[in-house]
Each structure stands twice: as structure tokens, then as C-alpha cells.
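Asks: Structure provided below as C-alpha cells; questions to follow.
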Amino acid sequence: MDVRGRIAHDQVPAPGPYEGVWRFTAAAVDASVPQVRHGVRALVADIGVPIDDDILYGLLVIVSELVTNAVKHAAVLSPELGVEVAVGPDWIRVAVEDQHPYRPKALETDHARTGGRGLLLVKTITTEAGGSCDVTQTPSGGKVIWAAVPLRPPAP
């Protein structure tokens, strides 16, 4: 008998109707930021993801920041970006892939600067939602920046 954890293989619940992975591409241009954000919002609504409104708002900010960073910093080497939305039974993950080899780090707050805090914002929103985020290298030398959050806020 095949067993996954403590549940027999034939007793594993079927995935929910909203679970799956969706991938698409976007040009590395400013106009892609709102297009991708609206696309992710429409996808979540169309497939009926049972996501908390505040979590969804944070997720859309994360999407905007990740696409903005790729457009600003990777477009020279990556004229096209890969976007992935993966939804599990109780979580959602967004990822943006580009072909630029630089691996960014979340910057500390510098109140004198008017920009440069996008990844710090992503990290903060993700952490406060009870999720995680990271940067991983791709086999082709680029990177994927991703954030995963639960569909519901953590219990108080």
C-alpha cells in the first residue's frame, strides 16, 4: 500500500477546483505591471480561490513589486518575464522569473530614499501574512523571486 504521511494513497483528498498552477509571460515594460496585477486578480476570481480580501490585497501589492523590480532591473537581459501563480488547498504562491543573474536582497529602510524598498515591502507583507519568500537561481542563470502566503490570515 502506498502511503503519503499517515493517509493511504487511495484516501488522499482530490484537489479543490481552484488548485493548480498557471504560467504566462509578460513583456519587461512598465505597462506590464498593472496588466499582470489585473491578470492575477482576474485568475483568482475566475477559479474561485477562497482567499481573504486583505491577503489578496497584499498578494497584489507583492505581484506589482516583483514585476516592477524585474522591469526596472532585469529588462536589459530579459525582455520577457515569466509569471507563475500556484494555488494549493490553503496557500497561494506568485513568482516572477527573469534572465538577469543578479540576486537582489531586501534592503533595509532608508528614510532618505524615495525608492528601493520593494523587496523589503514584499518580505514584510509575506511575513505578516504568515508566508515565506525567497530568490532562487534558474538553470539558465536567471532567477525566480517568489512569495507564498496562506489563503487565510494566521490565527491571533
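The values are calculated or read from the model by the stated rules, or taken from the named source; none is laboratory data. The shown structure was predicted, so the numbers you read here are calculated from the model rather than taken from an experiment. Cβ placement follows ideal geometry from the backbone for every residue including glycine, while neighbour counts extend to all protein chains displayed. Please note that ligands, DNA and RNA were not included when accessible areas were found on the heavy atoms of the full protein model with its side chains. Shrake-Rupley method; radii C 1.70, N 1.55, O 1.52, S 1.80 Å.
Asks: Could you please let me know if Leu107 is under 19 Å from Val33 (Cα atoms), at pLDDT below 95 and either touching a strand residue (DSSP E or B) at 6+ places or on another chain (Cβ under 8 Å) or among the hydrophobic types (A, V, I, L, M, F, W, C) (or both)?
Replies: no
Yes/no matrix, rows are residues, columns are (1) open to solvent by less than 30 Å² (accessible area, probe 1.4 Å); (2) part of a helix (DSSP H, G or I); (3) not acidic (Asp, Glu):
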residue: Gly58; (1), (2), (3): yes, yes, yes
residue: Thr68; (1), (2), (3): no, yes, yes
residue: Lys72; (1), (2), (3): no, yes, yes
residue: Leu77; (1), (2), (3): no, no, yes
residue: Val83; (1), (2), (3): yes, no, yes
residue: Pro89; (1), (2), (3): no, no, yes
residue: Val94; (1), (2), (3): yes, no, yes
residue: Arg103; (1), (2), (3): no, no, yes
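Asks: Suppose the filter is open to solvent by 40 Å² or more (accessible area, probe 1.4 Å), assigned to a helix (DSSP H, G or I) and at pLDDT 95 or above; does Arg37 pass it?
Replies: yes
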